[in-house]
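The values are calculated or read from the model by the stated rules, or taken from the named source; none is laboratory data. Bear in mind that the values here come from a model prediction, so they are computed numbers and not experimental data. Positions of Cβ are backbone-derived with ideal geometry, glycine not excepted, and every protein chain shown enters the neighbour counts. The protein model used for the area step is the full one, side chains on, heavy atoms only, and it has no ligands, DNA or RNA in it. Shrake-Rupley method; radii C 1.70, N 1.55, O 1.52, S 1.80 Å.
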Amino acid sequence: MAAAARFPVAPLVIGALVLAAALPLVSSNYVIDVGLTVVTYAILALGLNIVVGYAGLLDLGYAAFFAIGAYTTALLETLLHLNFWETIPFSMLLAGVSGVIIGFPTLRLRSDYLAIVTLGFGEIVRIIATNLDITGGPNGLYGINPARLFGHDITSPKAVYELGIAFLVVVLVFVIRLGRSRLGRAWTSLREDESAAEAVGVPTLRVKMLAYVMGAVIGGLGGSLFAARFGAIDPTSFTYAQSVTILIIVVLGGRGSLPGVILGAIIVAGLPEALRFIHLWREFAFAIALILLMLVRPQGLWPARLRHIAAPSATAAHAVPEAEPSALVADEAGDVPAPHRGTLLEVRGISRIFGGLRAVSDVSFSVRQGEILSIIGPNGAGKTTVFNCLTGVLQPNEGSILWGGASLVGLAPHRVVALGLARTFQGIRLFDDMTVFENALVGMDHRYRVPLVTEMLALSGARREAGRHYAACRNWLEFVGLADQAGMRAGDLPYGDQRRLEIARALAGQPRLLLLDEPAAGMNPTEKQSLMGLIRRIRDLGTTVLLIEHDMLLVMGVSDRIIVMDRGGVIAEGRPAEIQANPRVIAAYLGTEEDDEDVGALGAVA
Amino acid sequence: MSLLVVEGLRVGYGKVEVLHGIDLTVAPGEIVALLGSNGAGKTTTLRALSGLEPVRGGKVVLGGESLNGVKAHRITALGLAHVPERRRLFSPLTVEENLRLGGYLIRDQAAELKRRMETMYALFPRLAERRLQLAGTLSGGEQQMVAIARALVLQPRLLVLDEPSMGLAPLIVRSIFGIVKRLRDEGMAVLLVEQNARQTLRIADRAYVLESGSILIHGAAADLALDPRVQAAYLGGAAAA
Amino acid sequence: MSEFLQLLVAGLTTGSFYALIALGYTMVYGIVRLINFAHGDIFMVGAFLGWTVLSALAAMHMPWGIALLLAVLLAMALTGGIGVVIERFAYQPLLSAPRLSILITALGVSLALENGVLLIYGPGFETYPHLVSTAGFVIGGAQISYVQIGIIFCSLALMAALYLFVHRTFMGTAMRALAVDRDAARLMGIDVERVIQTTFFVGSALAAVAGVMEGLYYTEINFFMGFIVGLRAFTAAVLGGIGNIPGAMAGGLIIGLLEAFSAGYVSSRWTDVIVFAVLIGTLVIKPTGLFGERVVERM
């Protein structure tokens, strides 16, 4: 099985750390000094890796957080006479707050602008440190006390090195736990496909911000260590070049890959030392090596592997009764004492204009509880635009959308999902580089109740909730017929299975209304047959289905009602038989018809 | 003698194969329709022909020359003009600039290019009035006219149209189809992908029906128009229905 | 008033450098969506190549006008060629790889250029020959040199020429088409590779002109001069709306003026803080820059 084929990284990393910790026993102070530099870079790179590797964002000013941590420790020690340990929380806090500051403008910006904004932030911090008197100006601060532990100053290179290793281990455990938490999943989903992540309930803006904050906190910690190590700091340690070096470590080692990042730190911090003999050519050779490495291995030296969270077995999953699809959806429906066939969603006169063209014009319809409603119409009729308005991806220029009496207009997509509307996409948008199981889990994560901290500490409440989620997730995969593929990479699934996984991911959020955008596109007849069955089973659970589809057999076969759109407006609405007999529909959908005999033929098809 | 000969064409994205061996031919002076439901592989077929997607297997031959592995801009130079789905105009550029780019390959022959552009304005008088307007501000029908005119400037041997009727009013669709028929009568080979089955079969000479990446049925358009299997396949679902 | 005028002219002069360099960032970004981090160093390379030619010609006692013209043209051609070679070997293979990989490659190219120049020319400053006199005139109490006026006019002329190139020639129209829709451009028979290479050539050549001008204006050049100027020019491109050619021109002049006025009225120590604060503030209010267009993502 896949698990057996996996290369055992964990023992290797632990072994390497033990060896690294034992290094002072056999090495000279020079080697230890280089070792400490590697450790410092590894800590910083692990922090930046959260932003760059996990969340796929860019930060060219990461040294700013490093600076903030170092200056905080230095100032608190020299001015307020706090000891090293007391300054650390402040370092991390201040760096975290700066993470919010740098994260804030980036929330609205396209990713390419992040480069300059983060770079600018890094420069601003450095220039402020250079120009203010309190930070010692260009000379920096000195006389910073070493860390004290059990009544001993940690001053000898070997002791400081061991302290650094201890910090590295703490940071490593932290980022591993973070990576496996729901936040880690959210970051990965963001990196894979931001719109899809938002559409399955990931609050992408907050999650992006948190990536900067978590990265910053680690940078701050690294800064404190740095200040205690040297006893003196000055602005030249926190330049743009420093930020670039840390970024190079992450990308060279392998974005998102923890062993890769550590390997990157060893190479980038250690290689120039090793190359001292070539003197002036060293930097040039490093630059050329960097270019060549990127050309040969764009994913990095030790690329990240698929993160595996083991799905519970069938028996284990079914042993959790509240994780059964029927129980999950029935509970939800039970919350709503809506009358049978009551209105779930009401769309009133929405219009959407793109550059002067009315893609959707004055569209009204309602979705009733428990039905399968289809929207059909030729390509370009505006169906997907309606979907995008319903799910918060686009805002209608006019009109209102009411969900249980409350308006959906103006809500971000993830808020709409939380209210119980889930969707799939016309072109499949899975998180390719995550497992099938994790894809479905992301769809569920917005339902977590325990705080993130308890999840990271694996407290019993969090473990119970995670267990329930895993079981439910497993059952949803079984519901769509993908239980056996749970450990596969989503991008490797065959086409039809990818469609079904998208549906499972949407269902995992336990929506009351499921919007399917052309689920049958590209499926063969057998797959379409099974899709029809699946849609009916979803409705039978109590979930209402709104379907955009071109495949008439499927639409006519499963729909309770059909809405027909053409050129931005609704031209007909009714039961399948009524729609088939409606000459306006036939004209719009199959072309203007002069021969009446063909109209009969359409009826024959359906 | 066929101008375009496609044999066993296979195309895929990543690990997924989308076309599983397509055979088709188009001769000068005929309109060949390629029909099928959404996702059947129609657009992928056209993109492979014009070099926008790499061909994984089979062969594509235009006028005796193999197009396998030939870059898209070279294929255009060989006389294949592709009007892509959703028109893909250069919307911040003017109508005139869009047409001039259509004549990029004859940019050294200023007089000839100017003459051909005037021919296009004669063919689409509405565009002549809008020469200096930005293409993105035109109506859908006018945009389609620009897309077709832009492809015709080079006087291609084979015109490939991907859903020219998408989102257009029936009257405009009819006038665009009228122009396509005229081009056919003048001897051009036309490969037409459409959603609009019945109307397409009325102007096409022959047609192929594609389903899930394979050709399901092909034959004379007049025969297919009456074939219940075409109805079933085109509208999707089991062919036997 | 005289101080204001003085700062205005100084700002427009440095703004001209930034604008010429920002054009390279923005043209490349518009076409291949790459932030070419090596572009600042291309500018530096242009300054060194110009210096080499000019020093050689000055040693041959060539009339300074001809020497200068030759130096500029040669620097443009050589630097443009280097830009094309970089594109071909370092960027082109990665255009479809993850975005970060190509960004790191660009950083690597930047490092390679800096250290390459360091190896060839050494770590010290090189001094441009004093071909152009420091003479000038006084207007409204402000001391303005002919060099400043020359630089401003040359830059404006180059920008006008670029505008005409982009709007009036087939190659320029093809560039704009490529920025909108690469596949559609291919279908027109446009050789996309060649257009991309031309873009790199033109962008690098413009940076080379700026490099020579910088040498003439400040008289000293150094292997790390590309960093700060490149950074300001990049900021200018983003401020104007990256990918937008008039935006880059305007952004460059704005950054130049900001720099001059903040140095004159505040302190040059805070210039970068002010420049970046203006940039970030602008982006928060207008996320695609002053002239940028909103990009609508279709789902």
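Measuring with a 1.4 Å probe in the full set of protein chains, what accessible area per residue, in whole Å², belongs to chain A?
Working: 22860 Å² over 606 residues.
Roughly 38 Å² per residue, with all protein chains present.
With all distinct Cα pairs included, what does the Kirkwood hydrodynamic radius of chain C come out to in Å, to one decimal, could you say? Could you put the intermediate results ahead of the total?
Details: mean 1/r = 0.0510 Å⁻¹.
It is 19.6 Å.
What does the accessible area of A:Asp540 come to, in Å² to the nearest 10, when a probe of 1.4 Å is used?
The accessible area comes out at roughly 110 Å².
Within 10 Å of each Cβ in peptide C:171-184, how many partner chain Cβ atoms are there on average? Round it to a whole number, please.
Values: counts 2, 0, 9, 5, 0, 5, 9, 1, 2, 8, 5, 2, 9, 12.
Average per residue, whole number: 5.
Principal axes first, then extents: for the Cα atoms of the range A:1-152, list largest minus smallest coordinate on each axis, whole Å, largest first.
That works out to 57, 49, 26 Å along the principal axes.
Just the ratio, please: alpha-carbon radius of gyration of the range C:1-103 over 2.2 N^0.38 Å, N its number of residues.
Numbers: Rg = 17.6 Å, N = 103, 2.2 N^0.38 = 12.8 Å.
Taking the Cα Rg and dividing by 2.2 N^0.38 Å, one obtains 1.37.
Across peptide A:542-548, what mean number of C-beta atoms from other chains lies inside 10 Å of a residue's C-beta?
Taking the mean over all residues of the peptide, I get 0.
Take the Cα pairs of the range A:25-240, get the Kirkwood Rh, then feed it into Stokes-Einstein at 37 °C and 0.692 mPa s and tell me D in µm²/s. Don't jump to the answer; show the numbers that get you there.
Details: Rh = 17.7 Å.
Approximately 186 µm²/s, per Stokes-Einstein.
Whenever you get a sec, compute what percent of the accessible area on the protein assembly as shown sits on carbon and sulfur atoms (1.4 Å probe).
Values: 26610 of 43070 Å².
Carbon and sulfur: 62 percent of the exposed surface of the protein assembly as shown.
When the Karplus curve 6.51 cos²θ - 1.76 cosθ + 1.60 is applied with θ = phi - 60°, which whole-Hz ³J(HN,Hα) does each residue of the range C:115-121 get, with x for Gly and Pro?
My calculation for the range C:115-121 gives 6, x, 5, 4, 5, 7, 9 Hz in order.
Could you tell me the extents of the range B:88-155's C-alpha atoms along the three principal axes, largest first, rounded to whole Å?
31, 21, 18
Peptides A:30-39, C:227-236: what's the order by average Cβ count within 10 Å, highest mean first?
On the way: A:30-39: 19.4, C:227-236: 24.9.
Taking the mean over residues of other Cβ atoms within 10 Å, the ranking is C:227-236, A:30-39.
Might you report the magnitude of the Cβ-based charge dipole of the range C:17-226 about its Cα centre, with Lys and Arg at +1 and Asp and Glu at -1, to the nearest 20 debye? Each step should come with its number before you reach the end.
Numbers: 8 positive and 10 negative charges, 98 e Å.
Dipole size: approximately 480 debye.
Over the range B:62-188, give the accessible area per residue in Å² for a 1.4 Å probe, as an integer. The partial results should precede the final answer.
Numbers: 5190 Å² over 127 residues.
On a per-residue basis, 41 Å².
With point charges of +1 on the Cβ of Lys and Arg and -1 on the Cβ of Asp and Glu, referenced to the Cα centre of the range C:1-156, which listed residue (C:Tyr18, C:Gly65, C:Leu107) lies farthest in the positive direction of the dipole?
The Cα lying farthest towards the positive end belongs to C:Leu107.
Using only the alpha-carbon atoms, how far is helix C:225-240 inclined from the longest principal axis of chain C? Give it as 0 to 90 degrees, nearest 10.
60
Note every residue of the range B:57-103 with a reduction of at least 20 square angstrom in accessible area, all protein chains present versus the isolated chain, computed with a 1.4 Å probe, or write none.
Residues losing area: B:Ala72, B:His73, B:Thr76, B:His82, B:Arg86, B:Arg88, B:Phe90, B:Pro92, B:Leu93, B:Glu97, B:Arg100, B:Leu101.
Name the residue farthest towards the positive end of the dipole of the protein assembly as shown from the options A:Val52, C:Gln148, A:Leu25, assuming +1 on Cβ of Lys and Arg, -1 on Cβ of Asp and Glu, about the Cα centre.
Among A:Val52, C:Gln148, A:Leu25, the one farthest towards the positive end of the dipole of the protein assembly as shown is A:Leu25.
Ordering B:Asp227, A:Asp517 by accessible area with a probe of 1.4 Å, largest first, what comes out? Display every interim value, and only then the final one.
Numbers: B:Asp227 30, A:Asp517 0 Å².
I get B:Asp227, A:Asp517, largest accessible area first.
Go ahead and estimate [θ] at 222 nm for the protein assembly as shown from helices alone: -39,500 (n - 2.57) per DSSP H run with n ≥ 4, summed, over the residue count, rounded to 500. Before the final figure, lay out each step's value.
Working: 47 runs with 650 residues, N = 1146.
For the protein assembly as shown, the value works out to -18000 deg cm²/dmol.
Taking the Cα centroid of the range C:213-254 and of the range A:201-269, what is the distance between the two, rounded to the nearest whole Å?
Spelled out, the Cα-based centre of one part sits 28 Å from the other.
Count the net charge of all other residues whose Cβ sits under 14 Å from the Cβ of C:Leu118, scoring Lys and Arg as +1 and Asp and Glu as -1. If you can, show how the numbers build up before the last one.
On the way: positive: A:Arg282; negative: A:Glu283, C:Asp41, C:Glu114, C:Glu126.
So the surrounding residues net to -3.
Provide a whole-number value for the mean count of partner chain Cβ atoms within 10 Å of the Cβ atoms in peptide C:194-203. Let's see the in-between values first.
Values: counts 1, 1, 0, 0, 0, 0, 0, 0, 0, 0.
Per-residue shielding by partner chains comes out at 0.
Over all Cα pairs of chain A, how is the pair count split among 10 Å bins, expressed in % and running from 0 up to the last occupied bin?
3, 15, 23, 21, 16, 12, 7, 3, 1, 0
How big is the shadow of the Cα convex hull of the range C:183-282, averaged over all directions, in nm²? Numbers along the way, then the final one.
Numbers: hull surface 32.9 nm².
If you wrap the Cα atoms of the range C:183-282 in a convex hull and average its projections, you get 8.2 nm².
Just from the alpha-carbon atoms, what are the Rg and Dmax of the range A:141-224 in angstroms?
Considering the range A:141-224 through its Cα atoms, Rg and Dmax are 18.1, 54 Å.
Compute the separation of the alpha-carbon centres of the range A:344-367 and the range A:13-87 and state it in Å as a whole number.
Between the Cα centres of the range A:344-367 and the range A:13-87 lies a distance of 54 Å.
On the full set of protein chains, 1.4 Å probe, figure out the accessible area of C:Met225 and give it in Å² to the nearest 10.
20
For helix A:29-49, report the angle its Cα long axis makes with the longest principal axis of the Cα atoms of chain A; keep it between 0 and 90° and round to the nearest 10°.
Compared with the principal axis, the helix lies near 20 degrees.
Using Cα atoms only, what is the angle between the long axis of helix A:111-131 and the major principal axis of chain A, expressed in degrees (0 to 90) to the nearest 10?
The angle comes out at about 30 degrees.
Given all pairs of different Cα atoms, what value in angstroms does the Kirkwood hydrodynamic radius of the protein assembly as shown take? Don't skip to the end; give the middle numbers.
Details: mean 1/r = 0.0307 Å⁻¹.
This gives a value of 32.6 Å.
What's the center-to-center distance, using Cα atoms, between the range A:89-145 and the range B:19-57 in Å?
The two parts, judged by their Cα centres, are 55 Å apart.
Give the peptides A:201-212, A:394-405, C:79-90 in descending order of average Cβ contacts within 10 Å, highest first.
Numbers: A:201-212: 21.8, A:394-405: 17.0, C:79-90: 20.1.
Result, highest mean first: A:201-212, C:79-90, A:394-405.
What does the highest-first list of C:42-48, A:85-91 look like by mean Cβ count within 10 Å? Write out the running numbers ahead of the final one.
Values: C:42-48: 29.3, A:85-91: 18.9.
In descending order of packing, they fall as C:42-48, A:85-91.
With a sphere of radius 13 Å drawn around the Cβ of A:Leu275, what net charge do the other residues whose Cβ falls strictly inside it have (Lys, Arg +1; Asp, Glu -1)? It would help to have the intermediate numbers written out before the result.
Details: positive: A:Arg276, A:Arg282; negative: A:Glu273, A:Glu283.
In short, 0.
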